[in-house]
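Worksheet for the structure shown next.
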Amino acid sequence: MNVLVIGSGGREHAIVRKLAQSPRVSEVFVIKGNDAMVREATLVDIAEDDHVQIVQFAQDKNVSLVVVGPEQPLIDGLSDVLKEAGIEVFGPNRQAAQMEGSKDFAKALMKKYDIPTARYETIDNKEDAMKYLDEKGTPIVIKYDGLAAGKGVVVAMDREMAIDAINDFYAEEGAKVVFEEYLEGEEYSLMVIVNDDFCIPFDTIAQDHKRAFDDDEGPNTGGMGAYCPVSHISDDVLNTTYETIVYPTVRAMHDEGLNYFGVLYVGAILTSEGPKVIEFNARFGDPEAQVLLRRLETDLVDLIEAARNKKELDLVWHNKSICGVVLASKGYPGSYDKGALVEGYDFQDDYIVSALKRDGDTWVTNGGRVMLAFGEGDDLLSAQQAAYENVKKIKSDGLFYRTDIGNKGIK
């Protein structure tokens, strides 16, 4: 079968690589992809928002399955357009993608169905937001109600940070902002393959590192690294997460008529009151997808097909720990330059690429998060050590990385 992946980042590179490993897949196409994917897929120069051309290409190439990687095409309704054309697509429809596209939509659903999450208020103007801040104080979590590439959340530990976030988020006319109580606890990420009222949860979790710098300092990013499994978060916690969050959310989406088909990402936090939802995403997490798909032995096509047919499937995982460290452009998640020379990369399997561009015989940076270095081992410590050995093989004056990815899981 021919498969088409939509997207160009590290998550999509991981998906492309996993699909290319399937004996059931003849060819993987990717729109637009990045230059590092050329040995695993055929790059197609069509814009992600050109729905007409995407449909035409899928029909011309007899594509049996389209996997939509990033959130924006889902919010834009690409899955709806493909489905209307009779093309099988893995990725939720426009209405269901609001689980990520609107923080207010997701919070309202959780409130209606008693799914544990932080108390919140959605405010559509700056004046009322300032009054709310005066009333509640800090720390407080402030979330832009829309897509922001993982950077639309500010955990304001003091009033100055909160005011900066309010000024920033309300600078856009008509903006809505969700204010949440600050939750204490350890965060973890769970992926669930959902088909309406049926789901196959990943029975292993990953832990992301959102802040830009060591010791969870600095601004929120799209993610600076991840590892799995997370052995210090117990199976009991995982089972409680299923029972109180995952299954009730799947039932709630079904009851609301969302007809969800795709990955539901559950960003959770283990509080003194038990697991609570921080956020939902309507696709694989990034960089969690990189480490989870690296560890997953089960064929991804088989997994998607089992979900489509609502058939139970026992997932098989490599008996290894995986650690992934993101190398990002200096200045990220703020402004940064492109075009910095990167040496040491030559399509090795130890790396997933988000934003490298081929410039003649050399590689240069082409985005914020540039690449991820893998490490694999019998335990997390050895996986971490292997990951940083691979980080050191990459030479560039334009990159930075955290040095503590995985520390929370190492005793």
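Rule-based calculations on the coordinates, nothing more; no lab input. The shown structure was predicted, so the numbers you read here are calculated from the model rather than taken from an experiment. So basically every Cβ, Gly included, is an ideal-geometry build from the backbone, and we count neighbours across all protein chains shown.
Take the alpha-carbon centre of segment 232-283, take the same for segment 335-411, and report the distance between them in whole Å.
Taking the Cα centre of each part, segment 232-283 and segment 335-411 sit 30 Å apart.
Spelling out what I want: for every residue of segment 213-228, take phi, set θ = phi - 60°, compute 6.51 cos²θ - 1.76 cosθ + 1.60 (Karplus), and round to whole Hz; glycine and proline get x.
Along segment 213-228, the couplings run 10, 3, 6, 6, 9, x, x, 5, 10, x, x, 9, x, 7, 8, 7 Hz.
Report, largest value first, the span of the C-alpha coordinates of segment 87-150 along each principal axis, in whole Å.
51, 26, 18
Excluding same-chain residues fewer than 8 positions from Lys411, which lysines have a Cα within less than 20 Å of its Cα?
Lys320
Using only the Cα atoms of the chain, what do you get for the radius of gyration and for Dmax, in Å?
Every Cα atom of the chain included, Rg and Dmax give 20.4, 59 Å.
Using +1 at the Cβ of each Lys and Arg and -1 at the Cβ of each Asp and Glu in the chain, identify which of Ile304, Thr244, Gln207 lies farthest towards the dipole's positive end.
Among Ile304, Thr244, Gln207, the one farthest towards the positive end of the dipole of the chain is Ile304.
Starting at the first residue of segment 299-305, write each ³J(HN,Hα) from the Karplus equation 6.51 cos²θ - 1.76 cosθ + 1.60 with θ = phi - 60°, in whole Hz, x for Gly and Pro.
Using θ = phi - 60°, the values come out as 4, 5, 5, 4, 5, 5, 5 Hz.
Gap in Å between the Cα centre of segment 1-54 and the Cα centre of segment 147-214?
Distance between centres, Cα-based: 28 Å.
Of Leu296, Leu78, Leu190, which has the largest mean-square fluctuation in a 10 Å C-alpha GNM of the chain?
Of Leu296, Leu78, Leu190, the Gaussian network model singles out Leu296 as fluctuating most.
When N counts the residues of segment 1-72, how does its alpha-carbon radius of gyration compare numerically with 2.2 N^0.38 Å, as a ratio? The partial results should precede the final answer.
Working: Rg = 10.9 Å, N = 72, 2.2 N^0.38 = 11.2 Å.
Taking the Cα Rg and dividing by 2.2 N^0.38 Å, one obtains 0.97.
Taking the C-alpha atoms of segment 292-411, how large are the radius of gyration and the largest Cα-Cα span, Dmax, in Å?
16.9, 50
Using packing as a proxy for protection, rank 326-336, 393-403 so that the peptide with the highest average count of other Cβ atoms within 10 Å comes first. If you can, show how the numbers build up before the last one.
Details: 326-336: 19.4, 393-403: 16.7.
My ranking of the peptides, most packed first, is 326-336, 393-403.
Could you work out the equivalent-ellipsoid semi-axes for segment 121-184, taking the square root of 5 times each eigenvalue of the Cα gyration tensor, largest first, in whole Å?
Working: eigenvalues 52, 38, 20 Å².
Semi-axes (√(5λ), whole Å): 16, 14, 10.
Kindly give the semi-axes, whole Å and largest first, of the ellipsoid equivalent to segment 181-228, taking each as the square root of 5 times a Cα gyration tensor eigenvalue.
Numbers: eigenvalues 140, 32, 20 Å².
That gives 26, 13, 10 Å for the three semi-axes.
Computed on alpha carbon atoms, what radius of gyration and Dmax characterise segment 44-202, expressed in Å?
18.9, 59
Along the positive direction of the dipole of the chain (beta-carbon charges: Lys, Arg +1; Asp, Glu -1; about the Cα centre), which of Leu258, Ile394, Leu74 reaches farthest?
Of Leu258, Ile394, Leu74, it is Ile394.
For segment 398-411, take each phi angle, set θ = phi - 60°, evaluate the Karplus expression 6.51 cos²θ - 1.76 cosθ + 1.60, and give the result in whole Hz per residue in order, putting x for glycine and proline.
Result, ordered by residue: x, 10, 9, 7, 7, 9, 10, 5, x, 4, 5, x, 9, 8 Hz.
If you wrap segment 168-304's Cα atoms in a convex hull and average its projection over all directions, what's the area in nm²? Before the final figure, lay out each step's value.
Working: hull surface 40.3 nm².
Mean projected area for segment 168-304: 10.1 nm², to one decimal.
Taking K and R as +1 and D and E as -1, what net charge do the other residues with C-beta under 9 Å from the C-beta of Gly375 add up to? The partial results should precede the final answer.
On the way: positive: none; negative: Asp350, Glu376, Glu389.
That sum, taken over residues with Cβ under 9 Å, equals -3.
For segment 242-331, what ratio Rg/Rh do Cα atoms give with a Kirkwood hydrodynamic radius? Before the final figure, lay out each step's value.
Values: Rg = 15.6 Å, Rh = 15.6 Å.
Rg/Rh: 1.00.
Starting from the Cα of Lys111, draw a straight line to each of the lysines and keep only those under 29 Å, dropping any in the same chain fewer than 8 residues away.
By straight Cα distance, Lys111 reaches Lys103, Lys126, Lys131, Lys136, Lys143, Lys151, Lys176, Lys210, Lys276, Lys310.
What size of dipole, in debye to the nearest 20, comes out for the chain about its Cα centre when the only charges are +1 on Lys and Arg C-beta atoms and -1 on Asp and Glu C-beta atoms? Each step should come with its number before you reach the end.
Values: 43 positive and 71 negative charges, 108 e Å.
Dipole size: approximately 520 debye.
Under 19 Å between alpha carbons, and skipping anything fewer than 8 positions from Lys338 in its own chain: which aspartates and glutamates qualify?
Partners found: Asp35, Asp359, Asp361, Asp397.
Rounded to the nearest 500, what is the chain's calculated 222 nm mean residue ellipticity when only DSSP H runs of at least 4 contribute -39500 (n - 2.57) each, over all residues? Don't jump to the answer; show the numbers that get you there.
Working: 13 runs with 115 residues, N = 411.
After summing the helix terms and dividing by residue count, I get -8000 deg cm²/dmol.
Size of segment 208-283 along its principal axes in angstrom, Cα-based, largest extent first?
For segment 208-283, the Cα spread along each principal axis is 42, 26, 21 Å.
Just tell me the longest site-free run in the chain, where the sites are GluC sites (Glu not before Pro) in a DSSP loop having at most 14 other beta-carbon atoms within 10 Å. Walk me through the numbers on the way to the answer.
Working: sites that count: Glu172, Glu173, Glu184, Glu273, Glu297, Glu312.
With a cap of 14 other Cβ atoms within 10 Å, the longest stretch comes to 1-171.
Give me Rg/Rg_expected for segment 367-407, where Rg uses Cα atoms only and Rg_expected = 2.2 N^0.38 Å with N residues. Please list the in-between numbers first.
Working: Rg = 10.8 Å, N = 41, 2.2 N^0.38 = 9.0 Å.
Dividing the Cα Rg of segment 367-407 by 2.2 N^0.38 Å gives 1.20.
Return the ratio Rg/(2.2 N^0.38 Å) for segment 288-329, where Rg is computed over Cα atoms only.
On the way: Rg = 13.2 Å, N = 42, 2.2 N^0.38 = 9.1 Å.
Dividing the Cα Rg of segment 288-329 by 2.2 N^0.38 Å gives 1.45.
If amide H atoms are built 1.01 Å from N in the plane of the peptide, which residues on other chains or at least 5 residues away come under 5 Å of the amide H of Leu399?
Result for Leu399 returns Lys330.
Give me the dipole magnitude in Debye, nearest 20, for segment 260-411 about the Cα centre, with unit charges on the beta carbon: positive for Lys and Arg, negative for Asp and Glu. Write down the numbers at each step before the final one.
Details: 19 positive and 23 negative charges, 91 e Å.
My answer is approximately 440 debye.
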